[in-house]
1. For the Cα atoms of chain A, what angle does the longest principal axis make with the long axis of helix A:375-400, in degrees from 0 to 90, nearest 10?
2. For a quick check: sort B:Asp261, A:Asp74, A:Asp437, B:Asp91 by the number of other beta carbons within 10 angstrom, fewest at the front.
3. Percent antiparallel among DSSP beta bridges with both residues in the protein assembly as shown, to the nearest 5?
4. Counting each DSSP H run of 4 or more residues in chain A as -39500 (n - 2.57), what helix-only mean residue ellipticity at 222 nm follows after dividing by all residues, to the nearest 500 deg cm²/dmol?
5. Gap in Å between the Cα centre of region A:555-573 and the Cα centre of region B:119-136?
6. Which whole number gives the average, over all residues in A:561-574, of C-beta atoms from other chains lying within 10 Å of the residue C-beta?
7. Amide H to amide H under 5 Å from B:Glu541: which residues, 5+ apart in sequence or cross-chain, H placed 1.01 Å off N in plane?
8. Counting only C-alpha contacts under 8 Å and six or more residues apart, can you give the relative contact order of region A:292-391 as a whole percent?
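What follows is calculated from the coordinates using simple rules that are stated; it is not laboratory data. Values in this document were obtained by computation on a predicted structure and should not be read as measured data. For neighbour counting, all protein chains shown are included, and Cβ atoms are generated from backbone atoms with ideal geometry for every residue, glycine included.
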Number of protein chains: 2
Amino acid sequence: WEGLSVLAPDALSSVAYGTEEILIVLSAAGVGALWYSLPISAVIVLLLIFLVVSYRQIIRAYPTGGGAYVIGRDTLGPSAGLLAGAALLIDYTLTVSVSVTAGIAALVSAFPSLLPYTVELSVLVVAFLTIVNLRGVRESAQLFAAPTYLFIVMILAMVAVGLFHRAAPTPLAAYVTPTAVSVAPLLILRAFSSGSSALTGIEAISNGVPVFKEDSVQRARRAMLLLGLFLGSMFLGTSIIAFRYHIVPNAEVTVLQQLADRIFGHGWFFYLLSFVTMAILSIAANTSFAGFPQLASIMARDEWMPRMFLARGDRLVYQNGIIVLGIISSLLIIAFRGNTDALIPLYAVGVYMSFTIAMSSLAKKRWQEGNDPHRWVTIGMGLFGSLLTAAVVITSVVTKFTEGAWIVVLAIPTIVWGMRAVHQHYRSVADELRLEDLTLVPKPKALVVVVPVASINKMTLATLSYALSMNPEEIVALHVAGTPEREARFHARWKNWNADPRIKLAVVESQYRSVIRPMVRYIDHLTGLFAEGRVVVVIPELLVEKSWQNILHNHMAVALEAVLIFRRRIAVTVVPYRLQQKPVNSKPS
Amino acid sequence: WEGLSVLAPDALSSVAYGTEEILIVLSAAGVGALWYSLPISAVIVLLLIFLVVSYRQIIRAYPTGGGAYVIGRDTLGPSAGLLAGAALLIDYTLTVSVSVTAGIAALVSAFPSLLPYTVELSVLVVAFLTIVNLRGVRESAQLFAAPTYLFIVMILAMVAVGLFHRAAPTPLAAYVTPTAVSVAPLLILRAFSSGSSALTGIEAISNGVPVFKEDSVQRARRAMLLLGLFLGSMFLGTSIIAFRYHIVPNAEVTVLQQLADRIFGHGWFFYLLSFVTMAILSIAANTSFAGFPQLASIMARDEWMPRMFLARGDRLVYQNGIIVLGIISSLLIIAFRGNTDALIPLYAVGVYMSFTIAMSSLAKKRWQEGNDPHRWVTIGMGLFGSLLTAAVVITSVVTKFTEGAWIVVLAIPTIVWGMRAVHQHYRSVADELRLEDLTLVPKPKALVVVVPVASINKMTLATLSYALSMNPEEIVALHVAGTPEREARFHARWKNWNADPRIKLAVVESQYRSVIRPMVRYIDHLTGLFAEGRVVVVIPELLVEKSWQNILHNHMAVALEAVLIFRRRIAVTVVPYRLQQKPVNSKPS
Ligand SMILES: [K+]
Ligand SMILES: [K+]
Ligand SMILES: [K+]
Ligand SMILES: [K+]
Ligand SMILES: [K+]
Ligand SMILES: [K+]
């Protein structure tokens, strides 16, 4: 029960858009077609029951949790895992986009003046979640519990009151007799595919079995059952009362809000439901901010994703995964103008594809284990489940192809292809770097050090001292010629100085007063003369007291470094020179 | 005559907003008050005549040109130069903002559907000018000539037709008899201050005397006279016909466009004038993209501005000045919502302040030269001119203080203060770096080299070889401990390898899997043990074949470098390691 408030919001919050999405599709065929939401919802609840039973098997089969990627990888092999990984990354991203826009829709229903700012508000919420998660969320189960329970109680209360009270009794026959309006079967399928979004998120408990501290499998299975009961009754109840109150979806007020308004009036319940809906949807979005970076890090460890997803920051969170999720989900929100309905066609494909792989894995795992006489039931259930969920995927792709499903159809193979390319690259780099022969040991070579010298001053002295410390074969003091009189003065001073016999002065002419170009040209020329890895450029960097003073200095150093860092044969050293050799405050961080 | 098309647009284009700005201020007191635009315009033309005569003296006194900064600096001293410099930088910036927004206003007058995109279009034009100037504009006098002449011809034609034709003859008395509407003197002053923007840009010819190739002083003086004649007749003519046709300024259509519409109808003249006005205003804005970077570079050479304004790019333009001008003028346009009227109060202050300094310089120069019996006329003219233009500055500040003039009043001392701080800083750094004692010569010191080592591979081998080449006292191979089993394997391999007796292995524990933090902590600790400048960190950098592969590598190297580059006592070396030692294509750029 305690794990429910962390793992359930993703699924429960789907009630906020499931019924509405069905009604939106059906309303295209006229108000009379809305009756079909009842059988469609019933079928979805049947699907839910089946999925709950199957997922209780999955919990038992994979007691350490792990999402479809881990399950698929360990049971069906890397290809299935990769497919599941791609589907799940898309799922996590869309969970954020869909939940946040649906949450803002609930808020806007209560405060219509916010309508023009839907996109801005949604992006703001994503930015907020990103920052909170980058800072690391501590034990948030308590914080999340209240909105979750309140959402359950309020929706069930609304369903109960809506079913038995107030409205003129609709004849029972109206619920069971098909409406006279004839509706194309394709539209029914489209409505079903939209409604299947109501079940998104039910996989969360099986992914997170270890969240339940003791006796976890038992508790997770019970939680799954509870989740199924609540989700099923809330979703079906909402669909029924939406029919009873003749709710027609519109762009300004969500179906849930319309129901609250009609059943309880425009009072405290209406406003509270708005905030609670927004809260639970934000919690659902927040779930992805844990799931996405974790999956990305697991896949990075398997070398399917860039290693940067393994990096943990000061707050010990996988910061890069959080940032990438925040950016992509924001871009999706902006691209789809903060419109939940427009995002839904993309959503179901990823989710149900991961369901399919989880179910197949279950079947294969039980098959391999052998012996148990009851295993055939589970195998059959897994196979049937995978077919069923695959059917939902296909239905979604076919009926919603032009409405956005094509994006996912394109994205999944692209992501899989990209992951394979990453893997391939890491493998080949590792092969190339491998040192088999341990008799090969480091050997010094004679270095050629280049030091840019503009004039003879204390910084030049320090930098050349550093260059001499490297014991190079040769030091080149590289000077770019200025005006003739400055040049003459410099040469006289240099001769007079007589710094060290190993330091040779090289003067290059500057055309059009450019300083960097002639230096780089000379260094490139020099590099060509010596074996790879022998030329080092030592760049002095003036350290100033106050940070604003930085814009006054080091332009040459930065520009030179920027060019040379990409030169494949040149090592670059930056030597700091501190003004006023006062005591240093080098803060160990 | 030939230099006119380059130097005149800045001044001539002011006709596009001069009259309008007067009318906008007066219309606040009702339509009847618009009569006052006639005497105000007359006074401004008197001011113009005086300025033209004075500037012809300035051209003679400063035959090599140079703006108010150079003139002020060389005649009145650095403080006056600095004040003029600050005023001119503001002037150049506002010339861009005002001209571009006024140009877009002309365009929008012809195509009202563009009205909502005023700010976007203006910023686009600034971006275009920035890019064109960054690429370097070649000999553009020819290109600029057509719109300039066309603008002169069209405005004068419109004035001529408007004066003598078509409209019901307004009684002559109406022009000379003050209107019955009583207007507060303050409003008259405010209108005058707005109208003084009509003379902005007349200094351009005296700044650019050398543009006239041969006999430059003679030609520049003639050009000044011509400019005065055209500007005066166009401005006064526009004001008179605006009164004759009872033009009332509005936010959608400019006064010039209203006049064209009334006098020639909504035909080709109307549309052509719109484009020509936009073109000459863009050319005026473009003038600043030459002037601002050049002034910034002159002031940077005098060490009043950051040295980065001296840097020239591949195209030999002062790129930083161009970029800074583009950014600041865009920000002004955005802040003032692309509204020319809102920017005008800021404009006059800077321009007339630079006039004042130029006039004072003229007086002082002639005074110092002595002897010439006629010099008293010029000295008097300079003194009177400086008082007159100072009066315009004071009028603008007082009457427009709350409307934006306060920004300039605040900005000028701030900029002067900033320039003094920059100067002070450069002076003190130069003092500190100065090497008086040439017996001090570079001396080597014993280095301590730290090399991060994750595993023993070919890159490690190469990096340690490089470290050995530096002939250090000590090499520390710094390793961050991983899991116990990986740790044991690494240690066994390391022992087996036995790389070099000078290389010591240092293993640091990692808390929470962070790699960078323990390394930095160890390096900081080590730095504390040795004298400044002895510790060097050598970071290997993996070079990949394709640029997309960069996101797969070097996160550790980049992160470590980013931290250490700010460590004041540590030198950092980046050593490239190339995969596949294939032939290098190091492109000399
Ligand atoms: K969901
Ligand atoms: K989900
Ligand atoms: K390099
Ligand atoms: K101007
Ligand atoms: K100007
Ligand atoms: K450093």
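1. Tilt of helix A:375-400: around 80 degrees.
2. A:Asp437, A:Asp74, B:Asp261, B:Asp91
3. On the way: 5 of 49 bridges.
DSSP beta bridges in the protein assembly as shown are roughly 10 percent antiparallel.
4. -21500 deg cm²/dmol
5. Between the Cα centre of region B:119-136 and that of region A:555-573, the gap is 31 Å.
6. Numbers: counts 2, 0, 1, 2, 4, 4, 7, 8, 5, 4, 11, 6, 9, 8.
Partner-chain Cβ atoms within 10 Å, mean over residues of A:561-574: 5.
7. Residues meeting the amide H criterion: B:Val575, B:Tyr577.
8. Details: 83 pairs, mean separation 18.6, N = 100.
Computed over region A:292-391, the figure is 19 percent.
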